[in-house]
Amino acid sequence: MQLYLMRHGEANHQANSDQERTLTDAGRFQTVMMSQWLATSVQHFDLVLVSPYVRAQQTWQEVSQHFMEPTQWHVLEELTPLNHASDTMDVILAYVEFYQAKKVLVIAHMPLLGYLVNAFLPDVEPPLFSTSGITLIEKNNNHQSLIWQESPYSCSRAC
């Protein structure tokens, strides 16, 4: 399985609640840039799992324009910022197993994403994700490895 963990794009700070924060223009631009870059190596996701927060939903709307319709996609409460990473990992793996997914995109938030990397790869310190940043973890049977981590900032120079 290839697990792509993506942080939502940059969001406005002014909203009635954290859940209602929307993407900024820069956040949309960064998400489009990262989507275009990712689309050079991935054409399709079997499974997409997205946080219910507005900024994550908007990020998925931008990303989805660059890929074929996923086989399955779901909104999961377990992908909100303060959920416990090991529980969230179990939920992700249950969806992966149920749908027999090989390429999975998860759009969520910090600090959860950093802790998810550590839950999948206990020897890796939880990394920071820039807004619209993406990390690829490959999982084959009982072996997992971090393949790369990209951000709009590194991508604007090298991608």
Notebook entry, point to check: In this structure, does T59 turn out to be among the polar types (S, T, N, Q) and open to solvent by less than 40 Å² (accessible area, probe 1.4 Å)?
Noted result: yes
Check: Has region 95-114 got any residue that is part of a helix (DSSP H, G or I), surrounded by fewer than 17 Cβ atoms within 10 Å (Cβ to Cβ), charged (D, E, K, R) and over 13 Å from the mean Cα position of the chain (by Cα)?
Finding: yes
Check: If the Cβ limit is 7 Å and pairs must be 6+ apart or interchain, which residue in region 57-74 that is under 18 Å from V32 (Cβ atoms) and free of Cβ contacts under 8 Å to residues at least 60 places away in the same chain pairs with which residue that is aliphatic (A, V, I, L, M) and assigned to a helix (DSSP H, G or I)?
Finding: E62/V32; H66/A39; F67/A39
Checklist line | Test: S41 is within 17 Å of S151 (Cα to Cα), hydroxyl-bearing (S, T, Y) and either loosely packed, with under 15 Cβ neighbours inside 10 Å or touching a Gly at 6+ places or on another chain (Cβ under 6 Å) (or both) | finding: yes
Next item on the list: Return the total of residues in region 115-150 being open to solvent by 20 Å² or more (accessible area, probe 1.4 Å), touching a residue at least 60 places away in the same chain (Cβ under 8 Å) and under 13 Å from the mean Cα position of the chain (by Cα).
Entry: 3
Check: Any residue at all in region 72-84 that is farther than 19 Å from L146 by Cβ, surrounded by 23 or more Cβ atoms within 10 Å (Cβ to Cβ) and touching a helix residue (DSSP H, G or I) at 6+ places or on another chain (Cβ under 9 Å)?
Finding: yes
Note to self: Going by what's in this entry, would S35 be described as free of Cβ contacts under 8 Å to residues at least 40 places away in the same chain, out of contact with any Gly (no Cβ under 6 Å at 6 or more places or on another chain), surrounded by fewer than 16 Cβ atoms within 10 Å (Cβ to Cβ) and not aromatic (F, W, Y)?
What the structure shows: no
Margin query: Considering only residues that are among the small types (G, A, S) and over 17 Å from M1 (Cα atoms), which ones fall in region 79-108?
Written below: A85, S86, A108
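The values are calculated or read from the model by the stated rules, or taken from the named source; none is laboratory data. Everything numeric here is computed off the predicted structure, so don't read it as measured data. Note: ideal-geometry Cβ built from the backbone for every residue, glycine included; neighbour counts use all protein chains shown. Only protein heavy atoms, including side chains, enter the accessible area calculation; ligands, DNA and RNA are left aside. Shrake-Rupley method; radii C 1.70, N 1.55, O 1.52, S 1.80 Å.
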